[in-house]
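Reading through the C-alpha cells given below for one structure.
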Amino acid sequence: MPLRGLFYFARQFEGLLSARGDDFYGRKLIEVPTPVYIIFYNGRGMDGDSLMLYLSDAFPTGRGSGCLECTCEVLNINRGHNRALMEKCRRLWEYSEFSAEIEENIKSGMDRREAVETAMDACIERGILRDILIREKAEVLDMLITEYDEKKHLKNTYREGREDGLKEGRAEGREEKLQELVTKKLSKGKTCSEIAEDLEEDISVIERIASDFIPK
C-alpha cells in the first residue's frame with residue numbers, strides 16, 4: 001500500500017503542478033498540499049485498531065533507510081474496532097455492520113449472493129444504510145457480486161498460505177525436504193544459482209546446504 005500511495009501521490013502532484021503552470025525546475029519553492037494517507041480496512045487478519053505501514057519496510061536496508069518514505073495508516077473498521085471513530089461517524093459504523101453481516105452469513109454456509117441479499121434485508125430492517133440499500137439495492141448487489149472474483153481470491157489465498165507455510169516451515173527447522181531437493185538437483189549437475197531459482201530460495205541458503213554435500 002505505501003508503494004501504491006507513492007505512485008498515486010506522485011501523479012496527483014504532477015497533475016496539480018501542471019494545472020497551475022508551476023515551474024518545478026526553477027529555484028522558487030513550490031507549495032503543495034500536505035498528503036495524508038489513511039485506509040479503512042474491513043478484511044481479515046488484522047487484530048488491532050490501527051497499523052502504520054512504511055514504504056522503507058520494503059527496502060533491503062530496512063525501515064528508515066533510503067531517501068524516500070511513504071507512510072500509510074490502516075484503520076480497522078471491522079465490527080468492534082475503533083469504537084470512538086465509529087461513534088463520530090455513523091455512516092462508517094453502518095458500513096462496518098453491513099460488511100460484518102455479509103461475512104457472518106458466508107460463515108454460516110450461504111453463497112455470496114444469498115449472504116449479501118440476506119444482509120441487505122437485515123440491515124434495512126435495522127435502519128443500517130437503509131436509505132442507500134432501499135434506493136440502490138440492485139446496484140449495491142451487482143457491485144458486491146460482480147467485483148468479487150472468487151477464483152482470484154482463492155488463488156491469492158492459496159499463494160499467501162503457501163508463502164506463510166514455507167516461512168513457518170523454515171522457522172521450525174524443516175530443512176530435511178529442502179536438503180533432499182538440493183542434493184537431487186546437485187546430482188543432476190545444477191549449480192547453486194540454478195537451484196535457488198528453481199526453488200525460489202535465497203542462494204545463501206542453498207550454498208549453505210550444498211556445502212555439506214560438496215566434497216571439500
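Dividing the alpha-carbon radius of gyration of the stretch 80-150 by 2.2 N^0.38 Å (N being the number of residues), what value is obtained? Don't jump to the answer; show the numbers that get you there.
Values: Rg = 12.3 Å, N = 71, 2.2 N^0.38 = 11.1 Å.
Computed over Cα atoms of the stretch 80-150, the ratio equals 1.11.
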Run the simple label-point estimate for residue 184 and residue 198 please: 7 Å along Cα→C-beta, distance reported in nm.
0.9 nm
With the crude spin-label approximation of a point 7 Å out along Cα→Cβ, what separation in nm comes out for residue 124 versus residue 90?
2.0 nm
Using θ = phi - 60° and the Karplus relation 6.51 cos²θ - 1.76 cosθ + 1.60, list the HN-Hα couplings for the stretch 20-37 in order, rounded to whole Hz, with x at every Gly or Pro.
7, x, 6, 9, 8, 9, x, 8, 6, 5, 9, 7, 10, x, 6, x, 10, 10
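Compactness ratio of the stretch 1-76: Cα Rg over 2.2 N^0.38 Å, N = residue count? Don't skip to the end; give the middle numbers.
Values: Rg = 15.5 Å, N = 76, 2.2 N^0.38 = 11.4 Å.
This ratio for the stretch 1-76 stands at 1.36.
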Counting sequence-distant residues (5 or more places) and residues on other chains, those with an amide H built under 5 Å from that of residue 50 are 76
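Values in this text are rule-based calculations from the coordinates and carry no lab data. All values derive from a computational prediction rather than experimental measurement. So basically every Cβ, Gly included, is an ideal-geometry build from the backbone, and we count neighbours across all protein chains shown.
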